[in-house]
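Participant: First the structure, then my questions, so here it is.
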There are 2 protein chains.
Amino acid sequence: MAQPKNFSASTVRRLPSYLPVIRDLQQEGKEFVSATVIAEELQLDSIQVRKDLAMTGIAGTPKKGFPIEDLTDAIERFLGWNSTCDAVLVGAGNLGTALLGYKGFLLHGLNIMAAFDSNARKIGAVIHGIKILNAETMDIQIKNFGVKIALLTVPAECAQKTADILAGAGIEGLWNFTGLKLKVPKNVAVQQEDLSAGYALLRVKMITPATPVT
Amino acid sequence: MAQPKNFSASTVRRLPSYLPVIRDLQQEGKEFVSATVIAEELQLDSIQVRKDLAMTGIAGTPKKGFPIEDLTDAIERFLGWNSTCDAVLVGAGNLGTALLGYKGFLLHGLNIMAAFDSNARKIGAVIHGIKILNAETMDIQIKNFGVKIALLTVPAECAQKTADILAGAGIEGLWNFTGLKLKVPKNVAVQQEDLSAGYALLRVKMITPATPVT
């Protein structure tokens, strides 16, 4: 399949939600799954689900749908979830602590191996099984770990400074939970988690319940 | 303008990020702003920004762009952010506590007036200025408050039961931070915050840096 010109962020956002549906069907002994079945289960439009699945490069079998194992593989490979990635978290405050305890990450191959904080009372502690290290030495430690992904949960006022250090330490993927828009070198991918975006979607769904948001 | 058949979730997600850019230009004394300027500032495609702005119903002035005040109004009205909405939060754990401390919500008209928890040690406490009430009585209290929005940050295993209570208490907008897909009555809008979705986007950006995700 030819590489598409760009990926739809909505497609990428939806793909993870298909995996548990597919796994449930597999456990029921099914060998094939159709876009229609996934769409019904998740109350989505089946044409949209078909388009989403096509983006992973998989081809279905007419009248049967997709072989379940191949489909899981195709989605996980497309998302880069077929191999484990080590990551660090910087900023073990309330949000950071919540993320350290989130069990879903390991399921998707994201392994938070350590966290950094500058608070002396936190350094050395273990939160949800993950050790809190001194943020002052994160530059050297991240290089030693060879980690490429960082979750950024520091206060907004420290966000840019921390991002600079992380980029310098070889981080290539920055998952930014601070409200701040970061300036990073071109080789660093940033995913900005914007809580306002979720609230915008909720309000639009409430205001115009008859208009689907897709 | 005719009502569009559906709203693009990506558009709704992007619109909030335009507001700070527009406000900055206004503070610099500008009276008009073009989609091109916003696009450059946020490193987005200008055609996409133009489409996003069109969804709010605003019409630009040829060669000048959009009157800044009208544009802010149009976006805020479209998102329902032009008036304050009261909300409650249920589940004052780490994530709940982080959200209670998030200063951006009030800016967008979301006022978390109270939180509920079932932990006796938390009930009666005040976190980030917000009182923690007994979750056992949330049904009656939410009805008394007349609140229509709830942020759900309870453990996944309590999520459906809590959602049932909230729907029964008159909640019309449920912002679901638990990993669980909820079953709710038709009159309740749900916004599911899926942390996996953000990680999927980050990984796809890392794997295929040359392919824009839009």
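Participant: Given the conditions (1) out of contact with any Phe, Trp or Tyr (no Cβ under 7 Å at 6 or more places or on another chain); (2) at pLDDT 90 or above; (3) more than 8 Å from every other protein chain (Cβ to nearest Cβ); (4) within 30 Å of A:Ala150 (Cβ to Cβ), which single one is not true for A:Leu106?
Facilitator: Just one mismatch for A:Leu106, condition (2).
Participant: State whether one or more residues within segment A:109-123 are more than 14 Å from A:Val88 (Cα to Cα) and touching a Leu at 6+ places or on another chain (Cβ under 9 Å).
Facilitator: yes
Participant: Within segment B:1-118, which helices (runs of 4 or more DSSP H) (wholly inside it) include 2 or more residues that are hydrophobic (A, V, I, L, M, F, W, C) and surrounded by 21 or more Cβ atoms within 10 Å (Cβ to Cβ)?
Facilitator: B:9-27, B:35-42, B:46-55, B:68-78, B:94-100
Participant: If you don't mind, there's one more thing I want to ask. Name every residue in segment B:170-200 that is more than 25 Å from B:Leu79 (Cβ to Cβ) and either touching a Leu at 6+ places or on another chain (Cβ under 7 Å) or among the hydrophobic types (A, V, I, L, M, F, W, C) (or both), in order of residue number.
Facilitator: Of everything in segment B:170-200, those that are more than 25 Å from B:Leu79 (Cβ to Cβ) and either touching a Leu at 6+ places or on another chain (Cβ under 7 Å) or among the hydrophobic types (A, V, I, L, M, F, W, C) (or both) turn out to be B:Leu180, B:Tyr199.
Participant: Here is a follow-up. Check A:Lys148, A:Lys131 and return the single one that is at pLDDT 95 or above and away from every other protein chain (no Cβ under 11 Å).
Facilitator: Exactly one of A:Lys148, A:Lys131 is at pLDDT 95 or above and away from every other protein chain (no Cβ under 11 Å), namely A:Lys131.
Participant: Hey, among B:Leu174, B:Leu133, which residue is surrounded by 14 or more Cβ atoms within 10 Å (Cβ to Cβ), out of contact with any Gly (no Cβ under 9 Å at 6 or more places or on another chain) and in the same structural domain as B:Asn94 (by TED's automatic domain parsing)?
Facilitator: B:Leu174
Participant: Quick test for you: out of A:Asn6, A:Asn82, pick the one residue that is polar (S, T, N, Q), under 20 Å from B:Ile207 (Cα atoms) and free of Cβ contacts under 8 Å to residues at least 24 places away in the same chain. Give the derivation first.
Facilitator: Working: A:Asn82 fails: free of Cβ contacts under 8 Å to residues at least 24 places away in the same chain.
Criteria check complete, one pass: A:Asn6.
Participant: Taking A:Gly29, is it modelled with pLDDT under 95 and more than 30 Å from A:Ala135 (Cβ to Cβ)?
Facilitator: yes
Participant: Under 9 Å by Cβ, and 6 or more places apart or on different chains, what pairs join a residue from segment B:61-78 that is farther than 24 Å from A:Leu201 by Cα with one that is of a type in the set (D, E, K, R)?
Facilitator: Final answer for the pair search is B:Lys64/B:Glu31; B:Pro67/B:Glu31.
Participant: Of all residues in segment B:1-56, which are among the small types (Gly, Ala, Ser) and more than 9 Å from every other protein chain (Cβ to nearest Cβ)?
Facilitator: Answer for segment B:1-56, where residues must be among the small types (Gly, Ala, Ser) and more than 9 Å from every other protein chain (Cβ to nearest Cβ): B:Ala2, B:Gly29, B:Ser34, B:Ala35, B:Ala39, B:Ser46, B:Ala54.
Participant: Just give me the residues in segment A:154-165 being within 22 Å of A:Ser196 (Cα to Cα) and β-branched (Val, Ile, Thr), in sequence order.
Facilitator: Initially, segment A:154-165 is screened for residues within 22 Å of A:Ser196 (Cα to Cα), giving A:154-160, A:163.
The one that is within 22 Å of A:Ser196 (Cα to Cα) and β-branched (Val, Ile, Thr): A:Val154.
Participant: Residues of segment B:154-213 being more than 7 Å from chain A (Cβ to nearest Cβ), over 21 Å from A:Leu99 (Cα atoms) and among the small types (Gly, Ala, Ser), which ones?
Facilitator: Across segment B:154-213, the qualifying residues are B:Ala163, B:Ala167, B:Gly168, B:Ala169, B:Gly170, B:Ala210.
Yes/no per residue for (1) farther than 19 Å from A:Tyr199 by Cα; (2) touching a helix residue (DSSP H, G or I) at 6+ places or on another chain (Cβ under 6 Å); (3) modelled with pLDDT under 95:
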| site | (1), (2), (3) |
| --- | --- |
| B:Phe116 | yes, yes, no |
| B:Val126 | yes, no, no |
| B:Leu152 | no, no, no |
| B:Ala167 | no, no, no |
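Participant: Would you point out the residue of segment B:182-214, among those that are surrounded by 20 or more Cβ atoms within 10 Å (Cβ to Cβ) and hydroxyl-bearing (Ser, Thr, Tyr), that is farthest from A:Leu19 (Cα to Cα)?
Facilitator: It comes out as B:Tyr199.
The values are calculated or read from the model by the stated rules, or taken from the named source; none is laboratory data. Keep in mind that this is a model prediction, so the values were computed, not measured. Here Cβ is always computed from backbone atoms with ideal geometry, including for glycine, and neighbour counts include all displayed protein chains.
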